[in-house]
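Engineer: This is the structure I want to talk about, given as structure tokens.
The values are calculated or read from the model by the stated rules, or taken from the named source; none is laboratory data. As the structure is a prediction and not an experimental result, all values here were calculated from the model. Glycine also receives a Cβ, built like all others from the backbone with ideal geometry; neighbour counts cover every protein chain displayed.
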Amino acid sequence: MDHWTETLFRNITDYVFDLDYLINTGADVDILVRSDILANLLGESDSVANLFNGICKNVTHWTMSSHFPFFSSKNLMLICRNPWHKLKATLRRDYCKTLWQTAASIAGILLVLTLLQSVCSVLQVVHQPNASGELVFFESFSERYSIIITIKPSSIPRLTHLIEKLN
């Protein structure tokens with residue numbers, strides 16, 4: 001026994017009371033097993049339901065949260081099926097476990113956004129008409145070869161006529 005024993009027993013007791021609230025029948029156990037919340041090592045779902053329904057008899061529990069009864073099993077299923085809740089849980093589990101992991105994830109997102117901004121800025125400058133009104137297009141074929149195409153505004157009608165002839 002140490003100073004964490006009371007905290008451990010309170011958490012276990014809260015968990016058992018929460019499961020007793022959720023589990024009434026074998027079907028409830030099956031839902032929790034399918035959702036990987038509970039592992040059924042007893043075999044039959046009804047045996048697990050009877051275990052949880054009988055384990056909290058004659059025990060008084062005062063720390064039950066006041067908002068918990070609003071979480072009926074239907075509401076819990078709706079919450080679990082919502083893709084936004086799943087996405088948020090995945091992000092928290094995979095990218096925000098620790099403070100360092102959260103900071104690295106935010107830094108990675110900022111890096112991607114910075115690169116995207118740089119690409120958009122370059123594309124804006126490259127495809128923008130220059131001072132004389134010419135359209136300039138830049139195409140890179142490899143590290144050594146690239147081409148710059150300049151189109152004067154006066155040549156656009158001739159180009160469209162030429163393209164129509166080719167089609």
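Engineer: For a quick check of your reading of the model, give me the residue pairs whose first member lies in the range 1-24 and is hydrophobic (A, V, I, L, M, F, W, C), whose second is surrounded by 10 or more Cβ atoms within 10 Å (Cβ to Cβ) and modelled with pLDDT under 75, with beta-carbon atoms closer than 8 Å and at least 6 apart or on different chains.
Structural biologist: F17/H61; F17/M64; L22/S73; L22/L76
Engineer: Filter the range 12-34 down to the residues that are surrounded by 11 or more Cβ atoms within 10 Å (Cβ to Cβ) and at pLDDT below 85 and list them by number.
Structural biologist: Pass one, the range 12-34, residues surrounded by 11 or more Cβ atoms within 10 Å (Cβ to Cβ): 13-14, 16-33.
Scanning the range 12-34 gives T13, D14, V16, F17, D18, L19, D20, Y21, L22.
Engineer: Determine whether K74 is at pLDDT 75 or above and basic (K, R). Before the answer, list the steps.
Structural biologist: Values: at pLDDT 75 or above: no; basic (K, R): yes.
Judged against the criteria, K74 is not a match.
Engineer: Here's another thing I want to ask about it. Within the range 10-44, how many residues are over 31 Å from the mean Cα position of the chain (by Cα), under 23 Å from R81 (Cα atoms) and of a type outside the set (V, I, T)?
Structural biologist: Here the count works out to 2.
Engineer: Taking the stated definitions as given, is E134 modelled with pLDDT under 60 and either in contact with a helix residue (DSSP H, G or I) (Cβ under 9 Å, 6 or more places away or on another chain) or of a type in the set (V, I, T) (or both)? Break it down stepwise before answering.
Structural biologist: Numbers: modelled with pLDDT under 60: yes; either in contact with a helix residue (DSSP H, G or I) (Cβ under 9 Å, 6 or more places away or on another chain) or of a type in the set (V, I, T) (or both): yes.
Judged against the criteria, E134 is a match.
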